[in-house]
Amino acid sequence: MSDTFNAVLPAEWAPQSGIQLTWPHAGTDWAHMLTEVQVCFAAIAREITQRELLLIVTPEPEEVKKQISATVNMQNVRFMECETNDTWARDHGAITMLDSEGASLLDFMFNGWGLKFASDKDNLITRQAVEAGFLNGRYVNRLGFVLEGGSIESDGLGTLLTTSECLLSPNRNGQMSRDEIEDYLCSVFHLKQLLWLDHGYLAGDDTDSHVDTLARLCSPDTIAYVQCTDTQDEHYEALHQMEEQLKTFRTLNGNPYRLLALPMVDKIEEEGERLPATYANFLIMNDAVLYPTYRQPENDQRAKEVLQEAFPEYEIVGIDCRALIKQHGSLHCVTMQYPLGVIL
């Protein structure tokens, strides 16, 4: 890759060409609630296609067309027919870097969040998408390192925000020390600083505390994060420690971050298990922020107000994601954005 030294890992708010969704089908863990989750995916697709291109990865494109054609702007949809294990595009999608010659599509190993779930088909999607021309850019094989898109946040200027709980998980890159992992990430992404969150979790989370469930970069100087104010909640201590650590972080200019507190979702349970509902799992698009709602009017509205403060020039759009959290993810987890020129 020429001009590699000047390559950057763009922030999510960088100009986008489109979004990837990997569609739920009967061969996924959604089989027992397929119609419910497909309604949620269709709502996300409708909002995306009003604004950007949408790449739908699915083994059954004709079936998906039947589900969405009445409500979605089909002119903005691209279908890639492909076998899949599941639907978490954030974690099996390509991580894109940009330089003066365009996009490089980095294909990291996806191993089912530390060997928890089957991922053999999902781990092939990026290579197939590039080879078939659905994603346009230089394919970069990084399959020797396990990394999910939901585990990292970039400000586009050389700062990466992540969690030690996830990146130091022994079933990901357990052969490497924290320093070795930091050196690797700094080399690959040309980082100037790596901010490690050492606290914070959500009950029911399969990802070992992905940062996109806890704290999100909204601009180079702003972080929105989940705040727990109920001292009786099981999350209180860990999220309070996370909040205190966030206060110690500094931008590349040496200034404290502007911290915006998102409300904690009131407890949602399924068969006695608490589900990892979070408002931090929002998607930044070109002119809108799509955020998950949970049929909790007061919390849903407060989250919208916080996001409007973080993104004053954006339309803030809520999508009911109670279906998604039943499989322990939410809106950001099922999407992956791509910069200009990648989806055509």
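The values are calculated or read from the model by the stated rules, or taken from the named source; none is laboratory data. Quantities reported herein were computed from a predicted structural model and do not represent experimental measurements. Please note: Cβ atoms are built from the backbone with ideal geometry, for glycine as well, and neighbour counts cover all protein chains shown. Accessible surface areas use protein heavy atoms only, side chains included; no ligands, DNA or RNA. Shrake-Rupley method; radii C 1.70, N 1.55, O 1.52, S 1.80 Å.
Of note:
- Subset tally (residues that are aromatic (Phe, Trp, Tyr) and either more than 19 Å from Glu131 (Cα to Cα) or out of contact with any helix residue (DSSP H, G or I) (no Cβ under 6 Å at 6 or more places or on another chain) (or both)) for the range 62-119: 4
- Note on the range 222-339: enclosed helices (runs of 4 or more DSSP H) holding 3 or more residues that are at pLDDT 95 or above, open to solvent by 20 Å² or more (accessible area, probe 1.4 Å) and not hydroxyl-bearing (Ser, Thr, Tyr) are 236-248, 297-310.
- Qualifying residue in the range 115-131 (condition: touching a Leu at 6+ places or on another chain (Cβ under 6 Å), crowded, with 17+ Cβ neighbours inside 10 Å and either of a type outside the set (Phe, Trp, Tyr) or farther than 30 Å from Trp196 by Cβ (or both)): yes
- Contacts under 6 angstrom Cβ, first residue in the range 132-149 being farther than 22 Å from Leu340 by Cα, partner assigned to a strand (DSSP E or B) and open to solvent by 40 Å² or more (accessible area, probe 1.4 Å), 6 or more apart: Leu143/Met109; Val146/Met109
- Criterion: in a loop (DSSP other than H, G, I, E, B), at pLDDT 95 or above and crowded, with 18+ Cβ neighbours inside 10 Å - qualifying residue of Leu135, Leu195: Leu135
- Within the range 161-179, the residues that satisfy the criterion of being closer than 23 Å to Ala224 by Cβ and buried (at least 22 other Cβ atoms within 10 Å of the Cβ) are Leu161, Thr162, Thr163, Glu165, Cys166, Leu167.
- Meets criteria (touching a residue at least 40 places away in the same chain (Cβ under 8 Å) and basic (Lys, Arg)) for Arg178: no
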